[in-house]
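Asks: The following block contains the structure, expressed as structure tokens.
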Amino acid sequence: MIWNAHYECMEREELRKLQGESLRTMVERIYGNVPFYRAKLQQAGIEPGDIRTIDDLPKLPFTTKQDLRDNYPFGLFAVPQQDIVRLHASSGTTGKSTVVGYSHNDILMWSEVVARSLTMAGITRDDIVQVAYGYGLFTGGLGVHYGAEKIGASVIPISGGNTRKQLQLLEDFGSTAIACTPSYAAYLGEAIVEEKLDRSKLKLRAGIFGAEPWTEEMRTQIQQLLGLKAYDIYGLSEVIGPGVSMECACQRGMHIFEDHFIPEIIDPETCEVLPYGTLGELVFTNVTKEAMPLMRYRTRDLTRLHADKCDCGRTLVRMEKCVGRSDDMLIIRGVNVFPSQVESVLLEMSETKPHYLLVVDRENNLDTLEIQVEVEEQFFSDEVKELEGLRKRISGNLTSLLGLHANVRLVEPGTIERSMGKAQRVVDKRKLK
Amino acid sequence: MIIRQLSVFLENRAGRLTELTGILADNGINISAFSIADTTDFGVLRVITGNPELAEKVLKERGFAVKITDVIGIVMHNKPGALHHALQILTDNGISIEYMYAFASGDERATAVIRTDTPNKAIEVLQLHEMELLQAGDVYQI
């Protein structure tokens with residue numbers, strides 16, 4: 001099923017023309033309405049007239065998260081405040097939160113891209129969609145909500161948390177689809193097992209999971225626990241929120257809605273644009289956003305783009321699951337480490353579950369990596385040699401994948417904090433010193 | 001003859017053992033015998049109690065990783081050579097011991113708790129040699 005075949009299956013040449021037109025008008029708008037961008041463009045020696053086609057995109061300077069913080073709260077808005085109908089903000093864990101604004105048309109556009117996304121997961125007006133993303137300043141809840149309503153599905157705006165209620169409504173309302181973070185989906189699945197609920201009573205068939213990195217192994221686990229097909233959705237509030245890209249039924253990457261969000265991959269060091277198929281930092285220009293267009297926004301997400309036609313019929317570029325965020329990437333003794341790598345090792349091993357915490361420290365000027373892993377009830381042996389053996393197996397597998405010695409520490413079940421939203425996977429004590 | 005022993009995973013964390021003994025105390029569960037196997041990061045507590053099922057339930061409810069393990073208890077005279085005699089019987093019959101701990105009760109008797117992969121065979125050979133084995137019902141009286 002395709003929600004909007006005109007745009008989703010457009011010939012690439014035609015799409016590029018459309019992108020060029022949108023880019024030209026966007027640059028005119030931000031040049032005229034946002035002093036920050038005007039100064040930035042003037043500094044780069046660019047006049048709006050210099051941007052005519054999509055090929056001119058690399059001439060434009062980049063925008064970073066720091067630019068958003070520097071212009072906190074409304075400095076990057078390109079429309080008067082009267083035209084802003086919605087404000088969202090990031091959690092601001094690494095500094096001042098970043099604020100994003102939406103015009104009425106932006107909300108319509110957002111609903112459109114989420115409707116396209118949900119349609120990829122086979123969701124129609126016959127479905128009951130339980131939205132277990134947080135509602136509020138976070139874009140997840142309301143973003144999926146509006147898209148699901150646009151399709152005409154029955155939406156349950158339960159928001160995140162309150163696991164018992166989630167399970168009750170899954171059963172009583174017969175929700176056929178659920179949208180939440182993958183870590184919360186796994187948590188719900190475990191709760192079903194713990195509460196000994198009869199899974200055959202559930203009608204779930206599709207899950208829309210995103211807002212944090214997850215692995216293929218985690219997908220398998222969630223699919224088994226919840227008895228559904230798990231789809232990956234990608235988005236970031238700066239660009240729009242959820243619905244920047246989404247997996248179709250072929251699950252060969254997430255199609256980016258390029259008529260609204262123009263992607264590029266750059267080398268994070270040199271900022272040079274890289275060809276399709278090359279790993280680099282994802283950059284977006286959300287050309288149609290009225291309230292807050294971002295010019296070549298650096299997402300810090302590392303991925304690859306693929307432009308060959310998908311079996312689903314869509315011509316839209318596909319992005320791979322992000323390898324990690326260049327922010328999340330830890331450099332330990334010069335080795336790049338992503339929490340997602342640890343997760344994939346634990347999920348590959350049948351004796352462990354992906355409840356882990358990376359603790360990075362520095363002893364005698366040498367970085368140390370400790371990985372705390374919960375002992376699972378069913379694999380707990382009362383013989384020390386068995387437990388030591390398990391610890392060594394985990395450590396060995398991690399060391400060979402990471403290329404770095406990782407000291408594994410077994411901890412009691414349930415002691416690593418479960419997150420209702422984005423999971424906290426790393427404690428870097430080096431920064432505290 | 002088989003005694004159901006409670007095994008609990010414990011992180012090496014200040015006060016963790018005290019939490020556990022508090023839970024058992026609050027539920028009126030008596031500890032007849034116990035031992036701790038420890039490593040740098042964690043320990044495994046092994047406990048003989050009168051009501052292992054209740055102990056397992058209350059500890060699980062409080063988030064402990066708990067497992068019931070089958071062990072046997074050999075009751076001996078508390079005098080030189082008694083343990084050696086018991087172990088010799090096991091060795092002669094090719095029964096290997098995963099771990100064991102022992103305790104004396106009063107001056108007269110001592111009990112060795114033994115974990116082996118083949119508890120039923122161990123019981124058979126020990127009985128053949130007229131060794132006294134701890135009965136589950138005796139556990140309260142240790």
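Asks: Which order, highest average first, do A:193-204, A:52-63, A:238-249, A:347-358 follow once you tally other Cβ atoms within 10 Å for each residue and take the mean per peptide?
Replies: A:238-249, A:347-358, A:52-63, A:193-204
Asks: Roughly how many debye, to the nearest 20, is the charge dipole of segment A:1-325 about its Cα centre, given +1 on each Lys and Arg Cβ, -1 on each Asp and Glu Cβ, and no other charges?
Replies: Using Cβ point charges on Lys, Arg, Asp and Glu, segment A:1-325 gives about 460 debye.
Asks: With r as the distance between the Cβ atoms of residue B:138 and residue A:223 and R0 = 45 Å, compute the FRET efficiency 1/(1 + (r/R0)^6) and round to 0.05.
Replies: 0.35
Asks: Mind checking how much accessible area A and B bury in total, 1.4 Å probe, in Å² rounded to 100?
Replies: Buried: approximately 1800 Å² between B and A.
Asks: What do you get for the angle between helix A:384-402 and the principal long axis of chain A? Use alpha-carbon atoms, 0 to 90 degrees, nearest ten.
Replies: Result, in degrees: 20.
Asks: If you wrap segment A:330-432's Cα atoms in a convex hull and average its projection over all directions, what's the area in nm²?
Replies: The directionally averaged projection comes out at 7.1 nm².
Asks: Pulled fully out, how much extra length does the chain show between residue A:64 and residue A:82, if you take 0.36 nm times their separation in residues and subtract their Cα-Cα distance?
Replies: Additional length available on full extension: 3.9 nm.
Asks: Another question about this same structure. Give, as ranges by residue number, the residues of segment A:144-175 whose backbone N falls under 11 Å from the point 7 Å along Cα→Cβ of residue B:11.
Replies: Those under the cut-off are none; the list is empty.
Asks: For chain A, take the longest principal axis of its alpha carbons; what is the angle in degrees between that and the long axis of helix A:182-194, to the nearest 10 within 0 to 90?
Replies: 30
Asks: Provide, in order from the shortest bin, the percent of all Cα-Cα pairs of chain A in each 20 Å bin, continuing until the bin that contains the maximum pair distance.
Replies: Computed distribution, short to long bins: 25, 55, 19, 1.
Asks: What's the ranking of B:77-88, A:211-222 by average number of surrounding C-beta atoms within 10 Å, highest first?
Replies: Peptide ranking by packing, descending: A:211-222, B:77-88.
Asks: Same structure, new question: Please express the Cα-Cα pair-distance distribution P(r) of segment B:8-142 as a list of whole percents, one per 5 Å bin, running from 0 to the bin with the greatest distance.
Replies: Cα pair-distance distribution for segment B:8-142, in percent: 2, 9, 19, 20, 19, 14, 10, 6, 1, 0.
Asks: Of A:207, A:220, A:177, which is farthest towards the positive pole of segment A:163-235's charge dipole, taken about the Cα centre with +1 and -1 on the beta-carbons of Lys, Arg and Asp, Glu respectively?
Replies: A:177
Asks: Moving to a separate point now. Along the charge dipole of segment B:50-142, Cβ charges K/R +1 and D/E -1, which of B:65, B:88, B:76 sits furthest on the positive end?
Replies: Of B:65, B:88, B:76, it is B:65.
Asks: Tell me, in nm to one decimal, what length is gained between residue A:104 and residue A:430 on full extension, where the rule is 0.36 nm per residue of separation less the Cα-Cα distance?
Replies: Roughly 112.9 nm would be gained on extension.
Asks: Still on this structure: For residue A:289, which lysines qualify as cross-link partners when the Cα separation must be under 22 Å and same-chain residues fewer than eight apart are set aside?
Replies: Filter leaves A:17, A:40, A:59, A:65, A:150.
Asks: Using C-alpha positions alone, give me the convex hull volume of segment B:3-43 per residue in cubic angstrom.
Replies: 73
Asks: Just the ratio, please: alpha-carbon radius of gyration of segment A:348-406 over 2.2 N^0.38 Å, N its number of residues.
Replies: 1.22
Asks: In addition: Relative to the first principal axis of the alpha-carbon coordinates of chain A, what is the inclination of helix A:104-120, with its axis defined by its Cα atoms, in degrees from 0 to 90 and to the nearest 10?
Replies: Taking Cα atoms only, the helix is inclined about 50 degrees.
Asks: For segment B:73-142, what size does the Cα cloud have along each of its three principal axes, sorted from largest down, in whole Å?
Replies: 32, 27, 22
Asks: Set the Förster distance to 25 Å, then compute FRET efficiency between residue A:13 and residue A:273 from the Cβ-Cβ distance, nearest 0.05.
Replies: In this case the efficiency is close to 0.85.
Asks: Now, a different point. Suppose R0 equals 56 Å. What FRET efficiency, 1/(1 + (r/R0)^6) with r the Cβ-Cβ distance, do residue A:149 and residue B:30 give to the nearest 0.05?
Replies: Between residue A:149 and residue B:30 the formula returns 0.40.
Asks: Throw me the Rg/Rh for segment A:177-309, computed over C-alpha atoms with Kirkwood Rh, two decimals.
Replies: Rounded to two decimals, Rg/Rh equals 1.05.
Asks: Still on this structure, I have one more. Give me a single rounded figure for A:405-413: the average over its residues of other chain Cβ atoms within 10 Å of their Cβ.
Replies: Going residue by residue through A:405-413 and averaging, the value is 4.
Asks: Here's a follow-up. Using alpha-carbon positions, what is the distance between the centroids of segment A:51-126 and segment B:3-42, in Å?
Replies: Distance between centres, Cα-based: 54 Å.
Asks: By per-residue mean of other Cβ atoms within 10 Å, what is the highest-first order of A:30-43, A:141-154?
Replies: Put in order of decreasing packing, that is A:141-154, A:30-43.
Asks: Now, a different point. Would you work out which of A:427, A:410, A:192 lies farthest towards the positive end of the dipole of chain A, given +1 charges on the beta-carbon of Lys and Arg and -1 on that of Asp and Glu, about the Cα centre?
Replies: In chain A, that residue is A:427.
The values are calculated or read from the model by the stated rules, or taken from the named source; none is laboratory data. Keep in mind it's a predicted model, so treat the numbers as computed, not measured. Backbone-built Cβ (ideal geometry, glycine too); neighbour counts: all protein chains shown. In case anyone asks, the SASA skips ligands and DNA or RNA and just uses the protein heavy atoms, side chains included. Shrake-Rupley method; radii C 1.70, N 1.55, O 1.52, S 1.80 Å.
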